[in-house]
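Remarks on the structure that follows.
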Amino acid sequence: MLKIIEFVHISRDITERIKAEEEIKEDYNIQSGINSLLRLSLKDISLHELLHDALDIILAIPNLSFKSRGSIFLVQDNSEVLVLEAQRGFSEAHQLSCATVPFGKCICGKVALSKIERFVDCVDKQHEISYADISPHGHYCVPIVFGDKIIGILNLLGVLNLYVEAGHLYNRRKEELVCALADVLAGIIVRKQAEEKLES
């Protein structure tokens, strides 16, 4: 009986150690991704180019279970409409269907309206916008906001939407990492928009 208890204890220690190592590796990968985004922000390129490159960096971060598909929407001229500014992996039909998304419509529009992140694990009734070649998928969809989260004054800049396989199990840690990436994007967008205003 004592040997069985020791075996269970050793197995639990090994499992916990493996989990801790995976989290350390994930933290390193996400920090590397954030560092790459910050370096990218120093490049002398347009906001449009910057967001496409940023999306490539985000989708290339290992261990986050993202499909190689995602998008960045920006708010159109202080209106209540999101404009598809950068995308990867979208078909032409998908790009046309999601070129503009009103606040409150579909998943991205609901995130824009609420300024609260949302996870879905499949194509369900929340997917109000459809297109010809839609395939099974899920999303981590988070607002890109700038301001003071503690006192609740948040300026919505856009939405970051990353695709996962259908049936993907929600992972709070992954969602927090996506929110951290959106926070970095917010700083980059505000800085770039300010630069472009000064240049015009």
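The values are calculated or read from the model by the stated rules, or taken from the named source; none is laboratory data. Everything quoted here is computed from the prediction, not taken from an experiment. Counting neighbours? That spans all protein chains shown, and the Cβs are built from the backbone with ideal geometry, glycine included. The area values use the complete protein model at the heavy-atom level, side chains included, leaving out ligands, DNA and RNA. Shrake-Rupley method; radii C 1.70, N 1.55, O 1.52, S 1.80 Å.
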- Note on the structure: The strands (runs of 3 or more DSSP E) lying entirely within the stretch 51-118 that contain at least 3 residues which are closer than 12 Å to L156 by Cα are 66-75
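Given the condition basic (K, R), open to solvent by 30 Å² or more (accessible area, probe 1.4 Å), in a loop (DSSP other than H, G, I, E, B) and over 21 Å from Q31 (Cβ atoms), answer yes or no: does some residue in the stretch 189-197 qualify?
Quick first cut of the stretch 189-197, residues basic (K, R) only: 191-192, 197.
Filter once more, so that each one left must be open to solvent by 30 Å² or more (accessible area, probe 1.4 Å): 191, 197.
Of the ones still in play, those that are also in a loop (DSSP other than H, G, I, E, B) are none.
Scanning the stretch 189-197 turns up no residue that is basic (K, R), open to solvent by 30 Å² or more (accessible area, probe 1.4 Å), in a loop (DSSP other than H, G, I, E, B) and over 21 Å from Q31 (Cβ atoms).
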- Query: If you go through the stretch 18-60, how many residues are modelled with pLDDT of 90 or more and β-branched (V, I, T)?
  - Reply: 3
- Message: Consider the stretch 144-172. How many of its residues are under 30 Å from A194 (Cα atoms) and out of contact with any Gly (no Cβ under 8 Å at 6 or more places or on another chain)?
- Response: 11
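What are the residues in the stretch 136-170 that are outside any strand (DSSP E or B) and either farther than 19 Å from Q126 by Cβ or open to solvent by less than 20 Å² (accessible area, probe 1.4 Å) (or both), if any?
Going through the stretch 136-170, the residues outside any strand (DSSP E or B) turn out to be 136-137, 149-152, 165-170.
Across the stretch 136-170, the qualifying residues are H137, K149, I150, I151, G152.
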- Query: Does any residue in the stretch 177-192 that is farther than 12 Å from G33 by Cα come within less than 8 Å, Cβ to Cβ, of a residue that is among the acidic types (D, E) six or more places away or on a different chain, and which pairs are these?
  - Reply: C179/E117
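Go through the stretch 89-101 residue by residue and tally those that are in contact with a strand residue (DSSP E or B) (Cβ under 6 Å, 6 or more places away or on another chain) and either surrounded by 18 or more Cβ atoms within 10 Å (Cβ to Cβ) or of a type in the set (S, T, Y) (or both). First the steps, then the outcome.
Of the stretch 89-101, the ones in contact with a strand residue (DSSP E or B) (Cβ under 6 Å, 6 or more places away or on another chain) are 89, 98-101.
When the remaining residues are screened for being either surrounded by 18 or more Cβ atoms within 10 Å (Cβ to Cβ) or of a type in the set (S, T, Y) (or both), the result is 98, 100-101.
The number of residues fulfilling the criteria is 3.
Go through the residues of the stretch 93-101 one by one and say whether even a single one is of a type in the set (G, A, S) and more than 21 Å from K125 (Cβ to Cβ). Before the answer, list the steps.
Of the stretch 93-101, the ones of a type in the set (G, A, S) are 93, 97, 99.
Narrowing the set further to residues that are more than 21 Å from K125 (Cβ to Cβ) leaves 99.
Checked against the condition, which is being of a type in the set (G, A, S) and more than 21 Å from K125 (Cβ to Cβ), the stretch 93-101 yields at least one hit.
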- Failed item in (1) touching a helix residue (DSSP H, G or I) at 6+ places or on another chain (Cβ under 6 Å); (2) surrounded by 15 or more Cβ atoms within 10 Å (Cβ to Cβ), with A132 passing the rest: (2)
